[in-house]
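Right, one structure below, let's go through it.
The values are calculated or read from the model by the stated rules, or taken from the named source; none is laboratory data. All values reported here derive from a predicted model rather than from experimental measurement. Every residue, glycine as well, gets a Cβ built from its backbone with ideal geometry; the counts of neighbours run over all protein chains shown.
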Amino acid sequence: MDWVSELRQGFRALPAGVVLSVSFSDRSDTIGEVGREFNALAAELGRLPPGELSRERAHALRNRLAGILAALHLVGATGALDPAQQAALQETVEEAKRLDATLRAHPVGKG
């Protein structure tokens with residue numbers, strides 16, 4: 001599985017409470033940075049008890065997600081992806097945006 005498909009699968013699993021880590025986080029390029037940020041985001045989400053997402057935590061998670069989206073935009077703009085990868089990247093971005101909308105809509109708790 002290529003990195004973009006693996007990332008898309010990871011984003012699809014997060015809303016269901018499944019915490020996956022991606023294997024490409026050891027790369028020393030922008031894609032590796034995306035992997036490290038995704039793994040950190042997934043780990044943070046995995047540590048949250050159900051219903052315990054405060055506004056501050058949601059904001060911090062959304063900031064991390066914004067960084068991932070910005071890096072994905074840069075990767076997509078390089079022209080280095082083939083058409084299938086470009087399509088998978090777009091689907092991955094859409095999954096990430098859905099997660100962002102979920103984080104925006106459901107913060108509960110104090111602060």
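What to note about this one:
- Residues in segment 71-93 that are of a type in the set (S, T, Y) and exposed (fewer than 15 other Cβ atoms within 10 Å of the Cβ): T78 only.
Every residue, every condition in (1) out of contact with any Cys (no Cβ under 6 Å at 6 or more places or on another chain); (2) surrounded by 11 or more Cβ atoms within 10 Å (Cβ to Cβ); (3) aromatic (F, W, Y); (4) modelled with pLDDT under 95, yes or no:
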| residue | (1), (2), (3), (4) |
| --- | --- |
| G17 | yes, no, no, yes |
| E33 | yes, yes, no, no |
| G46 | yes, yes, no, yes |
| A60 | yes, yes, no, yes |
| R98 | yes, yes, no, yes |
| V108 | yes, no, no, yes |
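- Single match in L89, L61 (criterion: more than 16 Å from S5 (Cβ to Cβ), in contact with a helix residue (DSSP H, G or I) (Cβ under 8 Å, 6 or more places away or on another chain) and in a helix (DSSP H, G or I)): L61
- Condition check for E52: among the acidic types (D, E), closer than 19 Å to V18 by Cα and surrounded by fewer than 17 Cβ atoms within 10 Å (Cβ to Cβ): yes
- Annotation note: Cβ proximity below 7 Å between a residue of segment 37-53 that is at positive phi and of a type outside the set (K, R) and a residue that is assigned to a helix (DSSP H, G or I) and buried (at least 18 other Cβ atoms within 10 Å of the Cβ) (sequence gap 6+ or interchain) occurs for no pair.
- Hey, S28 at pLDDT 95 or above, not in a helix (DSSP H, G or I) and not basic (K, R) or not: yes
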